[in-house]
Amino acid sequence: MIKAILVFNNHGKPRLGRFYHYFSEDMQQQIIRETFHLVSRRDDNVCNFLEGGSLIGGSDYKLIYRHYATLYFVFCVDSSESELGILDLIQVFVETLDKCFENVCELDLIFHMDKVHYILQEVVMGGMVLETNMNEIALQVETQTKVEKSEAGFSAAPARAVSAVKNINLPEMPRNINIGDINIKVPNLSPFV
């Protein structure tokens with residue numbers, strides 16, 4: 001099972017952090033720092049697997065990572081996961097990001113965080129791998145984007161409703177309303193009178 005997915009740049013700034021087990025905010029920051037120090041100090045010629053840090057579970061967990069340009073993609077997994085399978089999963093995730101953003105870069109992860117999280121949720125949810133087919137993931141992301149664009153008209157609806165109410169021509173606002181024994185005085189609501 002996947003315990004955490006972390007993406008950070010060469011300077012240790014987190015760009016994506018998804019924890020599938022509860023950790024407090026402070027603990028998450030410590031895990032990110034520790035993971036960065038463990039991964040960034042390794043030479044590029046060594047394997048991409050190492051024992052998890054003391055904060056994330058020690059020898060019971062493995063850190064599996066890939067370093068692409070300025071970003072480290074790190075998956076923290078337990079012993080039931082295959083190292084090579086997770087390396088392939090990282091490759092699928094990165095290639096899907098590249099396909100959806102057309103040459104993904106660090107700025108895409110910063111400015112399109114919602115889309116990145118959606119792509120990640122298509123790949124992994126609750127620490128379990130859901131989908132590994134890049135074309136299927138890209139199709140779902142494209143469908144989601146179309147839905148968001150079609151619903152963009154709904155977000156402008158409140159402004160259009162207010163504008164329509166302002167443009168209604170009422171001859172005169174009633175001042176007193178009598179309903180049986182109930183007598184209601186309506187205050188002057190118009191800012192122009």
**Complete:** Summing +1 per Lys or Arg and -1 per Asp or Glu among the other residues with Cβ less than 11 Å from residue 110's Cβ gives 0
**Request:** Roll a 1.4 Å probe over the protein chains and send me the accessible area per residue for region 2-145 in Å².
**Result:** 52
**Item:** Filter on 99/149; 3/115; 62/115; 115/149 - keep pairs with C-alpha separation over 24 Å
**Value:** 62/115
**Complete:** Taking the dipole of region 2-145 about the Cα centre (Lys, Arg +1; Asp, Glu -1; charges at Cβ), the one of 143, 48, 128 that reaches farthest to the positive side is 48
**Message:** Heavy atoms of the protein only, probe of 1.4 Å, neighbouring chains included. What is the accessible area of residue 38 in Å², nearest 10?
**Reply:** 60
**Message:** Quick check: net charge around residue 41, other residues with Cβ under 14 Å of its Cβ, Lys/Arg +1 and Asp/Glu -1?
**Reply:** -2
**Request:** Quickly work out the residue 94-to-residue 34 label distance, labels modelled 7 Å from Cα along the C-beta direction, and quote it in nm with one decimal.
**Result:** 2.5
**Prompt:** Rounded to the nearest 0.05, what FRET efficiency is calculated for residue 145 and residue 54 with R0 set to 45 Å and r the Cβ-Cβ distance?
**Reply:** 0.65
**Message:** Could you tell me the calculated FRET efficiency between residue 44 and residue 69, based on Cβ-Cβ distance and R0 = 22 angstrom, to the nearest 0.05?
**Reply:** 0.95
**Asked** How do 132, 145 rank by accessible surface area computed with a 1.4 Å probe, from largest to smallest?
**Response** 132, 145
**Request:** Bin width 10 Å, alpha-carbon pairs only: give the P(r) of region 33-106 as whole percents, running from 0 to the bin holding the largest distance.
**Result:** 19, 49, 28, 4
**Request:** Just flag the chymotrypsin sites (Phe, Trp or Tyr not before Pro) in region 1-84 sitting in loop per DSSP whose Cβ has no more than 14 other Cβ atoms within 10 Å.
**Result:** 22
**Segment residue 129-residue 185, length gained on full extension (0.36 nm per residue, minus Cα span)** = 13.8 nm
**Prompt:** At q = 0.16 Å⁻¹, what log₁₀ I(q)/I(0) does a Debye calculation on the Cα points of region 14-137 give, no solvent, two decimals?
**Reply:** -0.81
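The values are calculated or read from the model by the stated rules, or taken from the named source; none is laboratory data. For clarity, every value in this text was computed on a predicted model and none was experimentally measured. Glycine also receives a Cβ, built like all others from the backbone with ideal geometry; neighbour counts cover every protein chain displayed. Keep in mind that these areas ignore ligands, DNA and RNA; they rest on the heavy atoms of the full protein, side chains included. Shrake-Rupley method; radii C 1.70, N 1.55, O 1.52, S 1.80 Å.
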